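Input: a single structure, listed below in structure tokens.
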Amino acid sequence: MKPEPIDLQEQYPCPRCKRGNLHAIILTEAFGCDRCQQIFGLSEDNQTIEQLSTSYPYTKTWQWVAEGWRSKDHGLSGNYLPLVLGALAIPLFMTFWLPRYFQLPPGPGVILWITLTFLLMTLPSLMLWLVLRDSR
Ligand SMILES: [Zn+2]
């Protein structure tokens with residue numbers, strides 16, 4: 001299915017909150033949502049709208065396809081999954097392999113060390129996961 005051009009005179013549902021309506025902002029090439037107050041800029045070819053926000057490391061864009069918004073970032077999100085899995089697998093590997101390598105005797109100290117290492121190393125991947133989950 002081909003994306004249809006987006007018309008500033010038309011009214012569209014909000015791709016972000018799904019409940020609000022987008023209204024063209026006067027004298028700009030942008031839409032504003034009447035519910036979540038998000039601003040969406042229209043691309044020059046009128047094919048995509050882009051969320052104008054600084055709270056995410058990348059911008060989210062949508063195309064209007066068959067009376068509904070289609071996110072253009074699906075492929076990008078898919079590419080992040082192996083990265084997140086890898087970020088989780090490395091600390092897991094380090095946590096269980098390192099104590100054996102150094103032949104640390106089992107005991108409360110080792111368990112504490114494992115827990116601390118695991119928490120410190122999973123924190124970045126957890127944050128990445130939160131950012132990605134929130135942007136869907
Ligand atoms: Zn909205």
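The values are calculated or read from the model by the stated rules, or taken from the named source; none is laboratory data. Quick caveat: nothing in here was measured; it's all calculated off a predicted structure. Methodologically, a virtual Cβ is constructed for each residue, glycine included, from the backbone with ideal geometry; neighbour enumeration extends over all protein chains shown.
Taking the condition of being surrounded by fewer than 18 Cβ atoms within 10 Å (Cβ to Cβ) and within 16 Å of the ligand (Cβ to nearest atom), how many residues in the stretch 39-50 meet it?
Within the stretch 39-50, residues that are surrounded by fewer than 18 Cβ atoms within 10 Å (Cβ to Cβ) and within 16 Å of the ligand (Cβ to nearest atom) number 3.
Limited to the stretch 9-38, what total is found for residues that are more than 10 Å from the ligand (Cβ to nearest atom), under 17 Å from Ala66 (Cα atoms) and in contact (Cβ under 8 Å) with a residue 12 or more places away in the chain?
The qualifying residues number 2.
Quick one: count up the residues across the stretch 41-50 that are under 17 Å from Val65 (Cα atoms) and either in a strand (DSSP E or B) or among the basic types (Lys, Arg) (or both). Please lay out each step first, then the result.
Filtering the stretch 41-50 for residues under 17 Å from Val65 (Cα atoms) gives 42-43, 45-50.
With either in a strand (DSSP E or B) or among the basic types (Lys, Arg) (or both) added as a condition, the list becomes 42, 48-50.
Residues that pass the stated criteria total 4.
Out of curiosity, is Leu83 farther than 30 Å from Gln11 by Cα, assigned to a helix (DSSP H, G or I) and at pLDDT 75 or above?
No, not satisfied.
Which pairs do you get when a residue that is over 15 Å from Val110 (Cα atoms), found in the stretch 87-98, comes within reach of a residue that is surrounded by fewer than 13 Cβ atoms within 10 Å (Cβ to Cβ) and of a type outside the set (Asp, Glu), reach meaning Cβ atoms under 7 angstrom, with the pair 6+ apart or on two chains?
Listed by first residue and then by second, the contacts come to Ala87/Pro124.
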